[in-house]
Amino acid sequence: MTTLGLYFTKKSVNRAMVSRRTGISQARLSQLSSNESTKLRADELYLIALAIDIDPGEIFKEIFKDLYLPKE
């Protein structure tokens, strides 16, 4: 499961509702939630945040919390 999938589970997000509100297909949401090699686009993440009524920055920080700049 991807970090987005874990976030959906943690927040009890209804994927069907997200699909209806965003226009992102349920198949694409399923792929984004389960397949680590699937790339999440910024516009998709922004629409998802709007659909579940959270600050886009919050979901962005949660999804990409494991990214860090390399130490010099």
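The values are calculated or read from the model by the stated rules, or taken from the named source; none is laboratory data. As the structure is a prediction and not an experimental result, all values here were calculated from the model. Cβ sites come from the backbone with ideal geometry, for glycine too, and all protein chains shown count toward neighbours. With ligands, DNA and RNA removed, areas are computed over all heavy atoms of the protein, side chains included. Shrake-Rupley method; radii C 1.70, N 1.55, O 1.52, S 1.80 Å.
Look at residue 21 and say whether it is of a type in the set (Lys, Arg) and touching a residue at least 12 places away in the same chain (Cβ under 8 Å). Criteria met by residue 21. Each residue in segment 1-15 was checked for being basic (Lys, Arg) and closer than 14 Å to residue 63 by Cα, and 2 pass.
Taking segment 50-72 only, how many residues are touching a Phe, Trp or Tyr at 6+ places or on another chain (Cβ under 8 Å) and under 11 Å from residue 4 (Cβ atoms)? Going through segment 50-72 one residue at a time, the tally reaches 3.
Report whether or not residue 59 is part of a helix (DSSP H, G or I) and under 19 Å from residue 10 (Cβ atoms).
Details: part of a helix (DSSP H, G or I): yes; under 19 Å from residue 10 (Cβ atoms): yes.
Yes: the conditions hold for residue 59.
May I ask you to verify whether residue 13 is in a loop (DSSP other than H, G, I, E, B) and not acidic (Asp, Glu)? In short, yes. When segment 16-52 is filtered for residues that are within 13 Å of residue 63 (Cβ to Cβ), part of a loop (DSSP other than H, G, I, E, B) and either among the polar types (S, T, N, Q) or open to solvent by less than 60 Å² (accessible area, probe 1.4 Å) (or both), the ones remaining, listed by number, are 38, 40, 52.
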